[in-house]
Structures are given as structure tokens and as C-alpha cells.
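In what follows, a structure is listed as C-alpha cells, so that the remarks can point back to it.
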Amino acid sequence: MIDRWDEYLRSAYRSSLGRRREELVTPALIVDLGLVKENIRFMMEQLGTMHAKLRPHIKCQKCAELARMQVEAGAIGVCAATVWEAIVMIHAGIEDVLIVNEVGGEQKIKALAGAAREHRLTVAVDDKRNASDLSEAACAAGSRLDVLIEIDVGMGRGGVRSSKEAVELAQHVDTLKALRLRGVQGYEGHCMQETDHGARERKVKEALAYVHETVDRLAAAGFACEVVSAGGTGTYDITAAVPFVTEIQAGSYVFMDNFHANQAPGFQCALTVLGTVVIEHGNTIVFDSGRKSIGIDYILPTLAKYPQYRARYFAEEHAVFDVDDACPLALGDTAELVPGYAPTTVNLYDVYHVVENDVVVDVWPIIPRGGGHAGILE
């Protein structure tokens, strides 16, 4: 199913090959290959002086080609948000995949257990019942699943709420035949929105102190943590330097966007959306790149070459910008927009238009939403 989907998309978008980036049919998702390679190189260079290894989160990119590039550059594996993302990754040849969320639902758990027969898969757990369900499915499939106990460090989402609860869950996992406890996960995502670096560092260290306390409590109970997984693009430089953290889950660095740009300097914007000016009235221009074409979460998109012009608002199909008489853009012109948030931009497209020297050299399929495309529901 995965191969057929990739083949279909490559065929459907083949006419884009050889076009200049500004000539694409809009809205079009563009990734600059040279800048992506530079971002990957820069991240590995930064981590070379730190303790933790990189396990990039592919929820942002949702792309096998990019995941392979990151592993080839030194990443120890990848993170995935969903079962179907994980299955696509293992079929792409990624040998170590961590699903950083809890997995629920009979069909998804069954698919996860089946995939683990021939591939190493790790999944987050925070509940005894869920752990038992995972083990039962793995036993039925003749497989084994590795697990990380998720610790709630401030997100108020998934994760055990105390060190005591973590120890009790570890003791329960230890009784389950088909599960193996590898360690813990403590994602400090609530710190990403702190714009002041000093304040962000204090919040991250507070969250990680709680993780450290839990790791110590687990060790005292006889459960050594081989893996302590944490961090994201906005906190990678703080989290990766902490001695007991073994891996970080940064993902958006590979593209960069307006949300992460101030948090993680040194990376370049490699992902844009090409839009066409479809309406022009005085000093108002409107692109065909609204909310259904570009992620506006947390912060609005901007014009890549004309950052001085701000968007008034984004409708479903329209991006409305106020400009001045010096603006060179007119009806029918194209321009690239920098996403406010890359993950929810990528999710809207079938493929990346991969450009090198401003020419489309390839199209890369994006992992689609839903289990049917990944063969989960077959």
C-alpha cells in the first residue's frame, strides 16, 4: 500500500520536475534541499559538544527521504506521533522508531504489535491497563514491544503524575511477558512558548529535575533507565546538555518556521509555501494560500522576501496582506510564504517540491493521514 501510494504521487506531480520554483501551480509546498542539508549539518555540529543524541521527531516532516538523511547524518533513529507514521518509517528502513504518544484502540494496538514482529518499536505508556493491552496484543502477534514510561513534566497531557506512579507502572510492566521497559520520556513542550531564553532555561531545568527524581526513584526500585528521552527544537540546546538525558526529540529544526525561529537561532528557513496574488485592491493583496494551505498556529506566516509586509488575516483560501506603493507584487505574481508553524503546514499537502538552485529536482511524498495508506487497516 505504501509503495503504491508513493508511486501514484510521484506520477501525479511529475510535471513539476524541471520547473523553476516560482513557476509551480499554487499553492505549492517547497523545500530547499541545500538549506535542509545545512540545517541537518548544523544540528549535528551543535550536538557534537553535548551529551544527548538526536532522535528527530518526524511528525513535522512526515517524509521517508528526510528521515533517512537525518539517520545517515548521525541520528540514532526517529520519533513518530502515530502508529501509521511509525509503520511508514520502518518500511523506509529506519531501524529504531519511538512512538512518543500512548497508543489506544484495538486496531492500532494490533497493527503496532504486528509491526514489532520484525522491527524494533518503542511506545510511550502511562497507564497499567494500556500496558496490559499492548502486552496482550504483542503476545498474540508473537512479538515484543519496548516501552518508555511517560512523565508529565508540565504539559498536563499524557504521562504519570508522580514518581510513585512511575514506579508502580514499572512494576506492572515487569510482570508483562511481551513488554520491556527501556526508560522514561519527559517532554517539556510547555517551555517552547517561552520567548525569553533565560526563563525558558529555568523552566526546562525545573521540568528535567522532576524527570531526574523519577529516574532515581525507578533505579532505587530496581529499574535502570537506559533511555531518558526529552526535548524539542525550542529547547534542544538546553536539554541536550543535561548529563542524564540520553536523547532529544527535536524535529522542526530541519525546516524552521516562524514559531521556532527565535527559540533556535542558527537554522535557516527551508520550507515555504508558494502562493499567487489572486486579488489586488489598492494596498491590499490577497494570495491563494489561506488556512487550508499554510499553518497559522501560534504565530502568523510571513512573506519570505518581503517580511516588512504583515498579514491582516488568513481565511480558508485567502492570505490577506496590507502593503504599500513600493511593493512590487501585482495580480498574477507568485511569492513564497514562511509558515507560522511547519507541522500543521506539511499536513495539508501530498508532496514536497524539492528545489536545488531554484529548480525542482524531485518530489517527495508526505506520509498521509490515516491507517489505510499505511496498510494498517488491511
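Read-outs throughout are calculated quantities, based only on the coordinates presented, and are distinct from any laboratory measurement. In this text the structure is predicted, and so the values were computed from the model without any measurement. Cβ sites come from the backbone with ideal geometry, for glycine too, and all protein chains shown count toward neighbours.
Remark: the Arg202-Lys292 segment gains 28.7 nm on full extension, using 0.36 nm per residue and subtracting the alpha carbon distance. Hydrodynamic estimate: the Kirkwood radius of the chain over Cα pairs, inserted into Stokes-Einstein at 10 °C and 1.306 mPa s, corresponds to D of 73 µm²/s.
Looking at the range 211-283, the GluC sites (Glu not before Pro) that sit in a DSSP loop and have at most 14 other Cβ atoms within 10 Å of their own Cβ are Glu226. The distance linking the range 33-76 with the range 131-185 is 27 Å (Cα centroid to Cα centroid, whole angstrom). Over the chain, dividing the summed -39,500 (n - 2.57) contributions of all DSSP H runs of at least 4 residues by the number of residues returns a 222 nm mean residue ellipticity of -9000 deg cm²/dmol. Shown in residue order for the range 239-249 are the 3J(HN,Hα) couplings computed by the Karplus curve 6.51 cos²θ - 1.76 cosθ + 1.60 at θ = phi - 60°: 5, 5, 8, 7, x, 8, 7, 9, 8, 10, 10 Hz (x for Gly and Pro). For the chain, the longest principal axis of the alpha carbon atoms and the long axis of helix 106-115 meet at an angle near 80°. For the range 161-260, chymotrypsin sites (Phe, Trp or Tyr not before Pro) are listed when DSSP marks them as loop and at most 15 other Cβ atoms sit within 10 Å of their Cβ; the list is Phe244.
Among residues other than Thr195 whose Cβ falls under 13 Å from its Cβ, what is the net charge (Lys/Arg +1, Asp/Glu -1)? Spell out each step's value before the answer.
Values: positive: Arg200, Lys203; negative: Glu194, Asp196, Glu201.
Combined, the nearby Lys, Arg, Asp and Glu give -1.
Among residues other than Asn347 whose Cβ falls under 14 Å from its Cβ, what is the net charge (Lys/Arg +1, Asp/Glu -1)?
Residues close to Asn347 contribute a combined charge of +1.
Taking a sphere under 15 Å around the Cβ of Lys205 and counting the other residues whose Cβ falls inside, with K and R at +1 and D and E at -1, yields a net charge of -4.
In whole angstrom, the range 33-255 maps to an equivalent ellipsoid with semi-axes of 27, 23, 14, each derived as √(5λ) from the alpha carbon gyration tensor and ordered largest first.
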